[in-house]
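What follows is one structure encoded as structure tokens, with my remarks underneath.
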Amino acid sequence: MGVDEKFNSIHEKPENRIEIDKQFLSAPVKKAVDKFQLVPEYLKARGLARQHLDSFNYFVGTEIKKIVEANNTIKSSQNENIWLKYTNVRIDEPSTVINAVTVPITPHNCRLSDLTYSAPIKVDVVYCNGTGYINQAKSNVTIGRMPIMLRSSHCVLYGKDEEELAKLGECPLDPGGYFIIKGTEKVILIQEQLSKNRIIIDTDKKGCVQASVTSSTEVTKTKTVIRMEKEKIYLYLNQFKGKVPIMVVMKAMGMESDQEVVQMVGRDPRYGALILPSIEECASKGVYTQREALEFLEKELTRLPYSSVHNQREGRTMSILRDIFIANVRVTQNNFRAKCIYVAVMLRRMMEAILNKDTMDDKDYVGNKRLEVSGQLLSLLFEDLFKTMNDEARKIIDITLSKQSRASRLDIIQFITRDSISMGLERTISTGNFDVKRFRMHRKGMTQLVGRLSYIQALGSMTKISPQFEKSRKVSGPRALQPSQWGMLCPCDTPEGESCGLVKNLALLTHVTTDQDEGPIISLCYCLGVEDLELLSGEELHMPNSFLVMLNGLILGKHLKPQRFANAMRKLRRAGKINNFVSIFVNEKQHCVYIASDGGRVCRPLVIADKGISRIKENHMRELKDGVRTFDSFLADGLIEYLDVNEENNALIALYEKDATHETTHIEIEPFTILGYCAGLIPYPHHNQSPRNTYQCAMGKQAMGHIAHNQLCRMDTLIYLLVYPQRPLLTTRTIELISYDKLGAGQNATVAVMSYSGYDIEDAIVMNKSSLDRGFGRCIVMKKTTAVCQKYENGASDRIVRPQREGWDANKMQILDDDGLAAPGEIIRPLDIYINKESPKVTKGTATNSSELKDSDYKNTRQSYKGSEGETGAVDRVALCSDRSGNMSIQFMIRQTRRPEVGDKFSSRHGQKGVCGTIVQQEDFPFSERGICPDLIMNPHGFPSRMTVGKMIELLGGKAGVSCGRFHYGSAFGEESGHADTVGSISETLVEHGFSYCGKDFIYSGITGMPLEAYVFMGPIYYQKLKHMVMDKMHARGNGPKVMMTRQPTEGRSRNGGLRVGEMERDCLIAYGASMLIYERLMKSSDPFEVQVCRKCGLLGYYSFKLKSGICSTCKSGANMSTMKLPYACKLLIQELQSMNIVPRLKLTEA
Amino acid sequence: MFVLILKTESVQYSGAYASMKVDNSLRLDQFRSNFRVQVTKIEKDEKKEEDLIEFDMVGIDASIANAFRRILISEVPTMAIEKVLIANNTSVIQDEVLAHRLGLIPLNVDPRLFEFMSESDLPNEKNTIVFKLHARCGKGGRITVKSDQLKWLPQGSEFLLSTEKNAPSSTSKQRTYTSFSCNQDSIPELRDKPIGPKYPGINLARLGPGQEIELEAHAVKGMGKTHAKWSPVATAWYKMLPEVVLLENIEGEQAEKLKIKCPQKVFDIEDIGNKKRAIVARPRECTLCRECIRGYGWDKKVAIRRVKDHFLFTIESTGALPPEVLFTEAVKILEDKCERVITELS
Ligand code: SF4
């Protein structure tokens, strides 16, 4: 088991993902079973955007049916015989309606012609339009259109192979998981939330211990807080004016005996002592019975803005306690016992926390969080829209019925076929503003454009988790790396700056659960010996050796042998009797067994081990290799299981089989799966300083390369492409898994680490001109410009006319075809006209026939290519389509091919960015004894402070790779399992091929021809060209446009603006004493203005050209006028102040 | 392991020796007797045309050797495609990229037969070579356009100037993008050796069904310093002759060790009676990997050095001219330069 064997295992060059697997496995099998193969199998089966797809599939397959069933009737309150009932709901094939004909659509069509990729929601209904009519049934009624997630079970791309996808114009490597709304790709970001229906113990701002529950049911969403303030315990609920004593609430729920409360909390005297002040307070308020308590609470209620129709008989308090207070605990037939017990458990946990701070819950703990994925959010939205539509329908029916004279007969169907659902869904996804009135949910920025700058950016959008807190909060807790996010959330991939640590990304193997049915689990629990809550007295509840059993935050009962119970449950789960994603977690501290089947938990697959011996044996992996086994069969056979964050606490997970001890319960599949997609690109990330990996995660998304296989068919507003992208010489397993080797974003540059020419300070790099000549770093930038052929209200419309071939502007129209549009392939220079459009002069008023309009009725509205000198491009494509309002829109893709120039930004994969400092002729470049001339030179000062050792190993590995012809690997933490080549073995390869083992070469100076005095570290490193290019940024101006209001120069490059001498620059000039320069910059070159000032009243006057003198309009005289210069903005300020009744007066003195 | 390479630089100040009263002047006859060029290797490609030469250049200063290298890379002229007139390109490859690829194709033509084209010159048979490329993919299947589909047009361009297009094709010849006065075929050197790309198998583009490329490529004479496509060499470089010295006698086990240490098999073992002693057998093979001095104390036993005035020169030609001709061209250019300096000074 030496180095050699490891070598063999990764020796064969992988051609594609499926094939490597075979070759990889055909290598000698090691003693410790190599479980890596499970990772590609998992990703192959589930796809790269699986979290979105699973939740969406669950929504359209199951959830939507539940929603419709829960709200299946519309019944008129006026006439019992007018009703409608939904009997079935389904989502059809994606289609669109063109001229009242339904045609099927493909996603790529939608992208190109700005359509929404959606499918009709069809329902079957039974309805009755009144007494006289019989019940009618109608099927396939479209109630709206549902945007379809790409690659989901309802998408046309579902289950298609590569060739079929290519036919549909789709990139086979695209992950899917997003929507296409009006031609733009939108992804609903994963939302991080505090978990619902769970007791969370923490402290408020003042340091008071509190227990809070955010209850969420289908009907409402409430937050209940029980807080200990000054020794007494109070309940906070929005429906009460202020705090109410908890004991009163207990009494109101029928728990009249104080003893029972104490028993329920626990008979430990310490608990008794803590609850005593509250009991005393209750007594002092004179509340002893349920009736008294209810009366007391009734007074504490907030006034309702309008008198609502609540059940007068039982009072509002009762209904609040039943339906709003801890709403997740259901009350049946006014039996409040379950709720009382729940409150008692809350109290008990609070007191525990007071006695022992360790039992406080951590809000940042990943197990206390839920991720809301697109399916859940959509179902929330759909439910709201569906209910609103039904309510509306009911209202309209009632209004129509109340009108005496009904002209036509009422057809109930027409009320459910409006497009409020389609509009609502479309608007919400395209704006990202979720407004669900029922839950008082108003959230902004829930959706995001799928970044198509690079393939990695698109993938990154799918795993991005948006935070629950606002970014402004200056707290460090939620931003810190949580130990519990191990393996679930990527520890590297987070943005820098304000949202650092709040925005997270999923790790490679993370799965986000969907909701599971609770019913079978409950009955199973009772079968396995859980004692029903109903049968327990308060005293029995907290017996020292019994554990409470909680399912999704509900108390089921208690169990005397929790470990045995948990083991039995787990056994059933492994056997497939209950769902894989149900988690069973025994909390020894809280004496509870938590069972969770709710959606939004993060979990990941782990190999099960019995007493430290992995269940996966060689024969299993061999079967996988032979294709007999799939990932699911591993699950079904109980070799692998999913653990969520809570259940991980009950497991002892060994990193490798060899580390396993007798107690080990699970073994990791592969350690590199702790990282996400973006961090997975970094070779040897475990050798880098950690912030460098974070920087690379941000930068990898800006790297130019191939964005998708259909990149040349896309009509995005901006596309950056690299002309010759390469796959990295030093790859990682993740790179192969996510196909970065097929859609690379960078090139393998031979780098020499040395100083050269002085143009390489501050991370600048020196580039070899010949390399650039040969195509290194060459990129294509494509920009879209659109022209619309407008139709006007009077029937006239824009027209495109034949270009003039003669005359003064003929040369500006050179690139136009005879149809008046620029021809593809033509070279377009700034100011060239690309569409020869004319608009009618009269667009309003009476209808005119456009054929009657004469040429003179049109005016020129040509569009010409804007861009500064030298920004010459070529017309790449011209596409015609009709936009949403039926006008013809013409889209031009204008392409520029750029070679790197001084100032362009480059970066390696280790967060080491730098600009090109200078470009040097090849003959001046140093060369090695083998005649190798580097492509770029990087300054060695980049290393010591950055500590990117990974980059050095990448160089060594790359060098060994090119000399022996095998791609080397640098997967994270991969040395141990053979997924990363060790420096030792790399050095051996280097020596074998005549290089120094340390990667340093003997170099000759290209200028003098003599050898350099030091050996130079030289070899290939994968370099990315980032989207920031000088050409898009450089800017200067002499004279130029000014802002109308202030008469100061405009701002920004796009408006040809000036460069601002800001406050700080001004400060410098003041300190230096350059007063004339300040005067020149701030006034003369900006907005000089001459005003007439009245010396008497100090107000501004005007200059009368008739009298040839200044006149003060206030004093009505021209006697005391002076002329002075001041910035126009100052004059504006004076006048603006005057308009608010403030009189600024200028007092002039002789200078 | 840190090994300092000491004093690699030679003295660059011209008056350095004179100021120290040392006569360092180079005697011509001395130089003549010392200077030596010896070809060690000539490699040929499939067509039996030379494309690589290795020779030793002894008795010369590094700056001169470097001057040859620099001239070879950037100043020996060749012909390369500079202008591409694209009539039709419906392939996926963009026009600029295609033009760039065409530019980098090495052309099998002796550049000495042509002249530089200055800004004011019209393209004529003396300064321009015209190629035509017309590839079309029929229905079904895909084709790869390779460099051998570039066809030489000895008559010059076939594309009419846009000003001529509308004019009636009445009188004489219509004007095209080149104004050749005669057929290039008639130049005897070209007649014997038709012009074309050096390598036929260079991928230019791939065409899908129905796609087409039609273009004309105009090659002109240029130098490597303008653009790497005009560089006549893939690369040219030299290294100094390695010299491996055993500082002490290495015998017995140590000798065996040393022999194994070197991956290039520089060392051998010599049997002297019953003793084994290491000798330096093939110093030329040394790549300066420093394996032999790795490990404690070895740098005291072995020294790896370079001979300062002995250069192992390698020239890899891209194909326009054989490498040895390239070198003589380089020498000529250096000669020219010297002459220019002399005339300027005198
Ligand atoms: S430097 Fe390397 S190649 Fe040269 S003699 Fe020593 S071991 Fe051999």
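The values are calculated or read from the model by the stated rules, or taken from the named source; none is laboratory data. Because the structure is predicted, anything quoted here is derived from the model rather than measured. Glycine gets a Cβ as well: all are built from the backbone with ideal geometry, and neighbour counts include every protein chain shown.
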Residue hits (region A:410-462; small (G, A, S) and under 23 Å from A:T217 (Cα atoms)) are A:G424
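Every residue, every condition in (1) hydroxyl-bearing (S, T, Y); (2) at positive phi; (3) over 27 Å from the mean Cα position of the chain (by Cα), yes or no:
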position: B:K126; (1), (2), (3): no, no, no
position: B:I129; (1), (2), (3): no, no, no
position: B:K132; (1), (2), (3): no, no, no
position: B:G140; (1), (2), (3): no, yes, yes
position: B:K146; (1), (2), (3): no, no, no
position: B:K151; (1), (2), (3): no, no, no
position: B:Q155; (1), (2), (3): no, no, yes
position: B:F159; (1), (2), (3): no, no, yes
Only one of these is surrounded by fewer than 16 Cβ atoms within 10 Å (Cβ to Cβ), within 14 Å of another protein chain (Cβ to nearest Cβ) and either in a loop (DSSP other than H, G, I, E, B) or free of Cβ contacts under 8 Å to residues at least 12 places away in the same chain (or both): A:E806, A:E869. Name it. A:E806
Of all the residues that make up region A:942-986, how many are out of contact with any helix residue (DSSP H, G or I) (no Cβ under 6 Å at 6 or more places or on another chain), part of a helix (DSSP H, G or I) and farther than 23 Å from A:Q747 by Cα? 1
Out of the residues in region B:293-328 that are within 14 Å of the ligand (Cβ to nearest atom) and assigned to a loop (DSSP other than H, G, I, E, B), state the one that is nearest to B:V58 (Cα to Cα). B:I293
Determine if region A:759-770 includes at least one residue that is among the acidic types (D, E), within 14 Å of chain B (Cβ to nearest Cβ) and over 29 Å from the mean Cα position of the chain (by Cα). no
Residue pairs meeting the criteria (Cβ under 7 Å; at least 6 apart or on separate chains; first touching a residue at least 40 places away in the same chain (Cβ under 8 Å) and more than 11 Å from chain A (Cβ to nearest Cβ), in region B:257-269; second in a loop (DSSP other than H, G, I, E, B) and within 6 Å of the ligand (Cβ to nearest atom)): B:L258/B:C292
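Residue check: is A:L1012 of a type in the set (A, V, I, L, M, F, W, C), facing chain B (nearest Cβ under 10 Å) and buried (at least 22 other Cβ atoms within 10 Å of the Cβ)?
Here the answer is no, as A:L1012 does not meet what is asked.
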Anything in region A:149-163 that is among the charged types (D, E, K, R) and touching a residue at least 12 places away in the same chain (Cβ under 8 Å)? List them, or say none. A:R151
Within region B:193-292, considering only strands (runs of 3 or more DSSP E) that don't extend past its boundaries, which have at least 3 residues that are within 16 Å of the ligand (Cβ to nearest atom)? B:233-246, B:267-272, B:275-280
Test for A:M1018: is it part of a helix (DSSP H, G or I) and either free of Cβ contacts under 8 Å to residues at least 60 places away in the same chain or surrounded by 13 or more Cβ atoms within 10 Å (Cβ to Cβ) (or both): no
With the requirement that a residue be out of contact with any Lys or Arg (no Cβ under 8 Å at 6 or more places or on another chain), not in a loop (DSSP other than H, G, I, E, B) and not hydrophobic (A, V, I, L, M, F, W, C), what does region A:660-679 give you? A:H666, A:P671
I'd like to verify a number: residues in region A:136-177 that are crowded, with 18+ Cβ neighbours inside 10 Å and among the basic types (K, R), how many? 2
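Results for (1) farther than 21 Å from A:L48 by Cα; (2) without any contact (Cβ under 8 Å) to a residue 24 or more places away in the chain; (3) out of contact with any strand residue (DSSP E or B) (no Cβ under 9 Å at 6 or more places or on another chain), shown as yes or no for each residue.
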site	(1), (2), (3)
A:A703	no, no, no
A:L730	yes, no, no
A:I738	no, no, yes
A:A745	no, no, no
A:S757	yes, no, no
A:D760	yes, no, no
A:N768	yes, no, no
A:S771	yes, no, no
A:I780	yes, no, no
Determine which single condition A:R1095 fails, assuming it passes every other condition in (1) surrounded by 16 or more Cβ atoms within 10 Å (Cβ to Cβ); (2) in contact (Cβ under 8 Å) with a residue 40 or more places away in the chain; (3) more than 30 Å from A:M1034 (Cα to Cα); (4) not hydroxyl-bearing (S, T, Y). (1)
Determine which single condition A:D1001 fails, assuming it passes every other condition in (1) under 30 Å from B:S63 (Cβ atoms); (2) touching a Pro at 6+ places or on another chain (Cβ under 9 Å). (2)
Since B:Q38 meets every condition but one in (1) without any contact (Cβ under 8 Å) to a residue 60 or more places away in the chain; (2) not assigned by TED's automatic domain parsing to the domain that holds B:M240, which condition does it not meet? (2)
I need the full set of residues from region A:916-941 which are touching an Asp or Glu at 6+ places or on another chain (Cβ under 6 Å) and either of a type outside the set (A, V, I, L, M, F, W, C) or within 12 Å of another protein chain (Cβ to nearest Cβ) (or both), in order please. A:G917, A:S928, A:N939
A:G917 in a strand (DSSP E or B), small (G, A, S), closer than 27 Å to B:W230 by Cα and within 44 Å of the chain's Cα centre (by Cα): yes
B:R112 - would you say it is more than 13 Å from chain A (Cβ to nearest Cβ) and either at pLDDT below 90 or within 24 Å of the chain's Cα centre (by Cα) (or both)? yes
Considering each residue of region A:409-435, count those that are surrounded by fewer than 19 Cβ atoms within 10 Å (Cβ to Cβ) and not in a loop (DSSP other than H, G, I, E, B), and give that number. 8
Any chance A:L556 is part of a strand (DSSP E or B) and either touching a strand residue (DSSP E or B) at 6+ places or on another chain (Cβ under 6 Å) or surrounded by fewer than 18 Cβ atoms within 10 Å (Cβ to Cβ) (or both): yes
So which residues in region A:884-909 are away from chain B (no Cβ under 14 Å) and within 23 Å of A:I828 (Cβ to Cβ), if there are any at all? A:M888, A:S889, A:I890, A:Q891, A:F892, A:E901, A:D904
Give me the pairs, please: first residue somewhere in region A:365-378 and among the aromatic types (F, W, Y), second residue anywhere and not in a strand (DSSP E or B), beta-carbon distance under 7 Å, and either six or more positions apart or on two chains. A:Y365/A:Q482; A:Y365/A:S484
In region A:775-803, what residues are buried (at least 18 other Cβ atoms within 10 Å of the Cβ) and within 14 Å of another protein chain (Cβ to nearest Cβ)? A:F776, A:G777, A:R778, A:C779, A:I780, A:V781, A:M782
Quick test for you: out of A:M247, A:M255, pick the one residue that is among the aliphatic types (A, V, I, L, M), outside the structural domain of A:F386 (by TED's automatic domain parsing), free of Cβ contacts under 8 Å to residues at least 60 places away in the same chain and buried (at least 23 other Cβ atoms within 10 Å of the Cβ). A:M247
